[in-house]
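Read the structure below first, then the notes.
The values are calculated or read from the model by the stated rules, or taken from the named source; none is laboratory data. In this text, all values refer to a predicted model and were calculated from it rather than measured experimentally. Glycine also receives a Cβ, built like all others from the backbone with ideal geometry; neighbour counts cover every protein chain displayed. With ligands, DNA and RNA removed, areas are computed over all heavy atoms of the protein, side chains included. Shrake-Rupley method; radii C 1.70, N 1.55, O 1.52, S 1.80 Å.
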Amino acid sequence: MGDRKKVVVIGAGFGGITIAKAFKNKNVDVRLIDQNNYHNFQPLMYQIATGGLEPDSIAYPVRRIFRGYDNVTFRMANVIAVNPKTKELNTTIGAISYDYLVIATGSQNNFFNFEPIKDELLTLKSIPDALNLRSYIFQNLEKALAKKDKEPLDEILNIAIVGGGPAGLELAGALAEMKKHVLPKDFPDLDISKMSINLYEASPNLLNAMSKQASAKSLLYLTKLGVNVHLNSRVSSYENNKLQIGDNSFYTDTVIWTAGVKAAPIEGLPKQAIIGGNRIAIDAYNQVVQTKDIFAIGDVAAHISEEDPKGLPMLAPVAQQQGTHLAKNIIRLANNKELEPFVYKNKGVMATIGRKKAVVDLPKFKFQGTFAWLVWMFIHIMSLVGFKNKLSAFIGWMTNYFTYDRPLGLIIRPFSKRK
């Protein structure tokens, strides 16, 4: 070991994987920790939920990513807390010491005032979530066909999506296409017209983080697909399958929550370091405020400045750029050199609403439609980890393109909401 510094990275998301890879062949020893032994590609989670792709298309074993990395090791564990004074982590597999700590724990669902009934809601933050959602939708279709319960048919079939961000729109579009092209073939004796897909957004626009053109076009796309989009519609309650929106109500057994996220920091940091949205306050060098040798990147971190009063957006490119930059800074720190401030280079944002329907906002120009959809598809395939994942996703999408089908409606693991 000698004088090699120990760098511990918590989280195998976009930021954690990027910084660990950036340390390859450097004079440091890296320990990567995550509660799962795989990295998953969060932007395509809705494809798993709607049967377009299987989990192994968007997930990749962490250990396999770092084959050939002599200085990177992985441990599957939950981090309970950090002790900055002793430079130790308390984890489910024991204490782990560090010289430099990088927190890349990402974000979690923010249920706001719906926290007491969160188990009644379906979410899309992890692969288990996506598989549960897939099973639940197809279980309800079988339930509607059997008509065993007194529950009204439309109440079983109806789907409500709360939140008009990229996740909500992409899921709504995929479900609408499934309703139109897949379900009539798989359930010919079921009146699919009784299924209503409603999307609720509290603000006046969809995709608030994107341009007005993207917002307007996405609304048009969803409407053409048959999704009922309700803007300025804040959901106030959900009880006994009744979703209340102001004076209006919508009866459904399936409420999918994509309305917001909050950061997932670890315990043990100074109270002053945790700010709005549960994010960790960092300085221009990604160092956690009022700490030494502790850094944070990605969704969990927020550098407040005049240019970014709420911190940088919770996007994968932010985490990846921070990871690459921070790896260089930690090497500089280990060599007693001056740190360099991080500057984010905005490369644009995008969202897809369905087949040949996507919106792309680049720094200097914006476009929508078929070309935007092709760009979205290319970027996402190339961003997947592993050749097999890229090939699997490409074959799946091409099959869907030519057959208008989403063939993966398997209920392998039945799911029921906890009451």
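Listed options for Cα extents along the principal axes in Å are (i) 71, 44, 42; (ii) 63, 44, 42; (iii) 69, 51, 40. The value calculated from this structure is the one marked (i). GLY348 sits among other residues whose Cβ lies under 12 Å from its own Cβ, and their net charge, with Lys and Arg +1 and Asp and Glu -1, is +3. Report the net charge of residues surrounding TYR404, where surrounding means a beta-carbon distance below 15 angstrom and charges are Lys +1, Arg +1, Asp -1, Glu -1. It works out to a net charge of +4.
On a per residue basis, the range 161-240 carries 45 Å² of accessible surface, using protein heavy atoms and a 1.4 Å probe. Distance between the pseudo-spin-label points of LEU410 and LYS212 (7 Å out from Cα toward the beta carbon): 4.8 nm.
Expressed as a whole percent, the accessible surface of the chain that belongs to carbon and sulfur atoms is 52, based on a 1.4 Å probe. Simple spin-label estimate for THR86 and ALA146 gives 5.4 nm between the two label positions (7 Å along the Cα-to-Cβ direction from each Cα).
Using the Cα gyration tensor of the range 1-113, with a ≥ b ≥ c the square roots of its eigenvalues, what is the shape: rounded (a/c below 1.5), prolate (a/b larger than b/c) or oblate (neither)? Oblate. Between LYS212, LYS118, LYS179, the GNM of the chain built on Cα springs shorter than 10 angstrom shows LYS212 fluctuating the most. Working from the Cα coordinates of the range 263-410, the gyration tensor eigenvalues give, after taking √(5λ), semi-axes of 37, 17, 16 Å in decreasing order. Using the average count of surrounding beta-carbon atoms within 10 Å as a protection proxy, the listed peptides 185-191, 38-44, 67-73, 319-325 rank, highest first, as 319-325, 38-44, 67-73, 185-191. Computing Rg and the Kirkwood Rh from the Cα coordinates of the range 81-196 gives a ratio, Rg/Rh, of 1.18. Accessible surface for TYR136 stands near 20 Å², nearest 10, in the context of the full protein assembly shown (1.4 Å probe).
The calculated FRET efficiency for ASN335 paired with SER305, based on their beta-carbon distance and R0 = 30 Å, is about 0.65. Using just its DSSP H runs of length 4 or more, each adding -39500 (n - 2.57), the chain gives a mean residue ellipticity at 222 nm of -9000 deg cm²/dmol after division by all residues. Summed over the residues of the range 1-126 and divided among them, the accessible surface reaches 44 Å² per residue at a probe radius of 1.4 Å. The range 244-308 and the range 356-419 have their alpha-carbon centroids 27 Å apart.
Measuring gaps between exposed loop sites in the chain (GluC sites (Glu not before Pro); DSSP loop; at most 12 other Cβ atoms within 10 Å), the longest gap, sites not included, is 1-305. For LYS125, go through the aspartates and glutamates and keep the ones whose alpha-carbon is under 17 Å away, minus same-chain ones fewer than eight residues off. Candidates past the 8-residue exclusion: ASP34, GLU54, ASP56, GLU115, GLU170, ASP299.
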